[in-house]
Amino acid sequence: MSHNTDLLTLRSATKSYGSVPVLHGIDLSIRDGEFLTVLGPSGSGKTTVLRLIGGLEPLTSGEIRLDGQDISRMPINKRPFNTVFQDYALFPHLTVAGNVGYGLSVRHLPRKEIATRVAEALDLVQLGRFAERFPSQLSGGQRQRVALARALICRPRLVLLDEPLAALDLELRRQMQEFLKSIQREVKTTFLFVTHDQEEAIGMADRICVMEAGYIRQLGSPHELYYRPNCEFVARFFGENNLVAGTLGSVQDGLRAIDTALGRLLCSVEGQPHLQAAATGAAAFAAFRPEALRVASAGDKDNRFSGTIADVAFAGSSTMATIAAGGEASRQRLKMRLASRVEGSAFTAAENVTLAFAPREGHLVLA
Ligand code: ADP
Ligand code: MG
């Protein structure tokens, strides 16, 4: 897949309500054809970004460009975007077909063309048999598919989805995640999808934009965010992670030392010039994932430390061990993920263990 051209760009976009700033100079480029997820905790500004793009709110400053053209002042009904909301926003008095075709009938397209396109859109979301039903006769997942068909039928350049799955129960949400992703692949329309759920983001997105408190903290592929978080917030927010505070030491062979309560650790700084260049003695965190941590073997000479198993929690295919490590005064609680089948029952609480992680699996974030 090539998503190389930018479809939509926000430049230094700010938004204040009264004197309260809620977005602080957002720069964001959405590539044509990608599935871009905006991820952040409640109140971080996700909905505001969508409302600015959709034209529901004016920018306070900055600009929005579509194909390079400034559309900051373009009225909402001229923007080639459609929004899917969490609460579906279907018309209760119209049938499924009536809801899906609504956007075309207000544009006075010929009835025959409307009928054809409605049938196509309903087939796409696998609701062909439900054309004559009313929204009240559908399940939550089916209503959300109607809302999606209604958004896609106008052939928008960009579909804006604001936590569209948040009202569904877990099982249905998983199904809808796969369904949305497959539809997006099929129609190749650009999706801007908002969620506060990082698992949902990891599973669906080509790229993820992480927001906190009105700022974009990082934009990258799920893989980049998971393995190369660029700040403490992303390292903590995105997946489970072990963060151990320390001060930076020397750099050698793409690894940098950090002195912590667990002793001197080595972490990868390859391809991360800002971490190679940071001053010696600067405050930072060593970050390593629960699955990177393991019982040390004789061959492990770096990043070895001892600890005590505090808890072992079975979670289906994996088992999570909690380990207390470091001295009394600087106790660290670490997570270690074990494969349940192989090693899940190999540990008991209060057992003493020597652990290690490979330097290449350790990362640094500045404090
Ligand atoms: P999210 O969608 O990430 O939960 P929002 O974009 O809805 O966040 O809100 C970001 C911030 O802007 C919040 O602090 C929220 O209280 C504030 N906010 C949103 N809409 C308004 C409004 N119409 N008037 C005043 N403050 C608002
Ligand atoms: Mg919101």
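Give me the residue from the stretch 1-43 that is among the hydroxyl-bearing types (Ser, Thr, Tyr) and in contact with a Gly (Cβ under 7 Å, 6 or more places away or on another chain) and, out of that set, surrounded by the fewest Cβ atoms within 10 Å (Cβ to Cβ). I'd like the intermediate steps shown before the answer.
Here is the first cut: in the stretch 1-43, the ones among the hydroxyl-bearing types (Ser, Thr, Tyr) are 2, 5, 9, 12, 14, 16-17, 19, 29, 37, 42.
Pick out the ones that are also in contact with a Gly (Cβ under 7 Å, 6 or more places away or on another chain) and you get 12, 14.
Values: Ser12: 12, Thr14: 17.
So, considering only residues that are among the hydroxyl-bearing types (Ser, Thr, Tyr) and in contact with a Gly (Cβ under 7 Å, 6 or more places away or on another chain), the one surrounded by the fewest Cβ atoms within 10 Å (Cβ to Cβ) is Ser12.
Can you give me the number of residues within the stretch 337-355 that are exposed (fewer than 14 other Cβ atoms within 10 Å of the Cβ), on the phi < 0 side of the Ramachandran plot and small (Gly, Ala, Ser)?
Matching residues across the stretch 337-355 total 4.
Return yes or no: is Val20 within 21 Å of Asp206 (Cβ to Cβ) and within 10 Å of ligand 1 (Cβ to nearest atom)?
So Val20 does not fit the description; no.
Looking at Ser61, Ser105 in this structure, which one is in contact with a strand residue (DSSP E or B) (Cβ under 6 Å, 6 or more places away or on another chain), among the small types (Gly, Ala, Ser) and surrounded by fewer than 19 Cβ atoms within 10 Å (Cβ to Cβ)?
Values: Ser105 fails: in contact with a strand residue (DSSP E or B) (Cβ under 6 Å, 6 or more places away or on another chain).
None of the others qualify; the one that does is Ser61.
Here are some conditions: (1) within 16 Å of ligand 2 (Cβ to nearest atom); (2) on the phi > 0 side of the Ramachandran plot. Gly25 meets all but one. Which one does it not meet?
(1)
Just name the residue that is farthest from ligand 2 (Cβ to nearest atom) out of those in the stretch 160-173 that are outside any helix (DSSP H, G or I) and touching a helix residue (DSSP H, G or I) at 6+ places or on another chain (Cβ under 7 Å).
Applying the first criterion (outside any helix (DSSP H, G or I)) to the stretch 160-173 yields 160-169.
Among the residues that remain, those that are also touching a helix residue (DSSP H, G or I) at 6+ places or on another chain (Cβ under 7 Å) are: 160, 162, 164-165, 167-168.
Values: Leu160: 12, Asp162: 6, Pro164: 11, Leu165: 13, Ala167: 13, Leu168: 16 Å.
Among residues in the stretch 160-173 that are outside any helix (DSSP H, G or I) and touching a helix residue (DSSP H, G or I) at 6+ places or on another chain (Cβ under 7 Å), the one farthest from ligand 2 (Cβ to nearest atom) is Leu168.
What pairs can you find where one residue is in the stretch 337-351 and under 20 Å from Gly239 (Cα atoms), the other is not small (Gly, Ala, Ser), and their Cβ atoms are less than 7 Å apart, with a gap of 6+ or different chains?
Short answer, once both residue conditions are applied: Arg337/Pro290; Arg337/Glu291; Arg337/Met320; Leu338/Thr319; Ser340/Phe314; Ser340/Thr319.
Do we have Met176 as in a helix (DSSP H, G or I) and touching a Pro at 6+ places or on another chain (Cβ under 9 Å) here? Before the answer, list the steps.
Values: in a helix (DSSP H, G or I): yes; touching a Pro at 6+ places or on another chain (Cβ under 9 Å): yes.
Judged against the criteria, Met176 is a match.
Evaluate the stretch 172-191: report whether one residue or more is within 16 Å of ligand 1 (Cβ to nearest atom), touching a residue at least 24 places away in the same chain (Cβ under 8 Å) and of a type in the set (A, V, I, L, M, F, W, C).
Taking the stretch 172-191 first, the residues within 16 Å of ligand 1 (Cβ to nearest atom) are none.
No, the conditions are met nowhere in the stretch 172-191.
Where in the stretch 207-313 are the strands (runs of 3 or more DSSP E), entirely inside, with at least 2 residues that are under 20 Å from the mean Cα position of the chain (by Cα), under 30 Å from Ile26 (Cβ atoms) and of a type outside the set (Gly, Ala, Ser)?
Working: elements: 207-212, 215-220, 242-252, 255-260, 263-268, 283-288.
Ranges flagged: 207-212, 215-220.
State all residues of the stretch 80-94 that are surrounded by 19 or more Cβ atoms within 10 Å (Cβ to Cβ) and at pLDDT 95 or above; if no residue qualifies, say none. Lay out the reasoning, then the answer.
So in the stretch 80-94, the residues surrounded by 19 or more Cβ atoms within 10 Å (Cβ to Cβ) come out as 81-84, 88, 90.
If the condition is that a residue be surrounded by 19 or more Cβ atoms within 10 Å (Cβ to Cβ) and at pLDDT 95 or above, then Phe81 is the only one that fits.
Please go through the stretch 116-126 and pick out each residue that is free of Cβ contacts under 8 Å to residues at least 60 places away in the same chain and either surrounded by 14 or more Cβ atoms within 10 Å (Cβ to Cβ) or touching a helix residue (DSSP H, G or I) at 6+ places or on another chain (Cβ under 6 Å) (or both). Spell out how you get there, then give the answer.
Taking the stretch 116-126 as the starting set, the residues that turn out to be free of Cβ contacts under 8 Å to residues at least 60 places away in the same chain are 116-123, 125-126.
Hits for the stretch 116-126 are Arg117, Val118, Ala119, Glu120, Ala121, Leu122, Val125.
Starting from the stretch 52-66, keep only residues that are more than 15 Å from Ile26 (Cα to Cα), then list their pairs with residues that are part of a strand (DSSP E or B) and of a type in the set (Val, Ile, Thr) whose Cβ atoms are within a distance under 8 Å, requiring at least 6 positions of separation or different chains.
Matching pairs, first to second residue: Gly54/Thr83.
I need the full set of residues from the stretch 194-206 which are under 9 Å from the mean Cα position of the chain (by Cα) and not aliphatic (A, V, I, L, M), in order please.
We begin by selecting, within the stretch 194-206, every residue under 9 Å from the mean Cα position of the chain (by Cα); these are 194-205.
Answer for the stretch 194-206, where residues must be under 9 Å from the mean Cα position of the chain (by Cα) and not aliphatic (A, V, I, L, M): Thr195, His196, Asp197, Gln198, Glu199, Glu200, Gly203.
The values are calculated or read from the model by the stated rules, or taken from the named source; none is laboratory data. Computed from a prediction, not measured in an experiment: that's the story for all the values here. Methodologically, a virtual Cβ is constructed for each residue, glycine included, from the backbone with ideal geometry; neighbour enumeration extends over all protein chains shown.
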